[in-house]
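Structure record follows, encoded as structure tokens.
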Amino acid sequence: MTLKDIAKAAGVSVSTVSRIINGNSLNAASKEVQDKIWEIARSGGYIPNTSAQALKIGNSEKKSNHSIACIHARSTDAKNDAFFSALTRSIEQEALKEGYIVKYSFSAFDIHNPATHHQILNNEVDGVAVLGRCDKETLKFLKTHFKKVVYTGLNTLDSEYDQVICDGYAVAADAMEFLFKLGHERIGYIGEFQKEVRYSAYQDALKKHHLPFDRDLTTNVPISSEGGYQGAKRILDRTKNVTAFFCINDITAIGAIKAIQECGFRVPEDISVISMDDIEISQYVSPMLTTMHIPIDEMGKMTAKILIDRINGGHTLPLKLSLPFYLAKRESCIARLPHSR
């Protein structure tokens, strides 16, 4: 398969496909088109010209014998999850540069599905990248069937695997500190509770500042725009005495902002909102979202590099790489005025 073949199947220009595949422009096409192009490239076994040339026999080209898989441990639909779809694209781009293809991707929730299980048992790939927090039983299962495993996410694993981490606990703690510096004390939490480091960081930050934990200010909801919307509504139905929300990620925050505004409050004049990830859309909502920037692209690149290095025998000891983060200060947070609300 060539770039021209991909372009024809996707209904776009060859130059657009080239920019997306080679990672030269994050704005070459919409997310939907990018996902479509990657799906076509993956299913067609596309490999870059530099690798294909080395594999030529006469006028024909072989498909790459080198491949990896991506396992989405937390998401059942990674294509519609902005964080994990961006992470997967970054892994695919870096793998292609090394002459590898991502042969297939699936959710950890589907590992016992007959078709998925068949792929796993056949062990048709050289290694696997696990995206997102994974329980020990699932990790053990994957380690049994995939000898080369790398994990990437916001939670450090207590396991002897290669890991590429952006510390979700530290990120959430810094988000809370920013709200405290702005004078907020009645801070709500919208997101998941169970085994969630961001929720632990929220609770610990309150303790650190000698503030009481108020169950009415928290809500356990799915990580989605609908979860954020319902979570904010639920909290505001219980109490109006909240000046800020810490949302578990940007998509959740976008849903929360809609609910806050529907309840008659202004963001940020009445209620500030901060979240995590810094996905592309966070700059295009109104108000623009203040969020903790996670280096998603670098996480994907380093995940692919470390996995391929292990496959090639470049290292044997488990590696743990921790990537930095920063505050992307925009419009959804302001200082709380004394005696306000």
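The values are calculated or read from the model by the stated rules, or taken from the named source; none is laboratory data. Nothing here was measured: the structure is a model prediction, and the numbers come from that model. Here the Cβ is made from the backbone with ideal geometry for all residues, glycine too, and neighbour counts use every protein chain on show.
On the phi > 0 side of the Ramachandran plot, loosely packed, with under 15 Cβ neighbours inside 10 Å and part of a loop (DSSP other than H, G, I, E, B), is that true of LYS195? When the stated conditions are applied, LYS195 passes them. Of all residues assigned to the stretch 111-120, at least one qualifies as being part of a helix (DSSP H, G or I) and of a type in the set (S, T, N, Q). The requirement of being assigned to a helix (DSSP H, G or I) and touching a residue at least 40 places away in the same chain (Cβ under 8 Å) is satisfied by ALA175. Scanning the stretch 43-64 turns up no residue that is at pLDDT 75 or above, under 19 Å from LEU307 (Cα atoms) and buried (at least 18 other Cβ atoms within 10 Å of the Cβ). Scanning the stretch 121-132 for residues that are assigned to a loop (DSSP other than H, G, I, E, B) and modelled with pLDDT of 85 or more, we see that the one that is nearest to SER90 (Cα to Cα) is GLY132.
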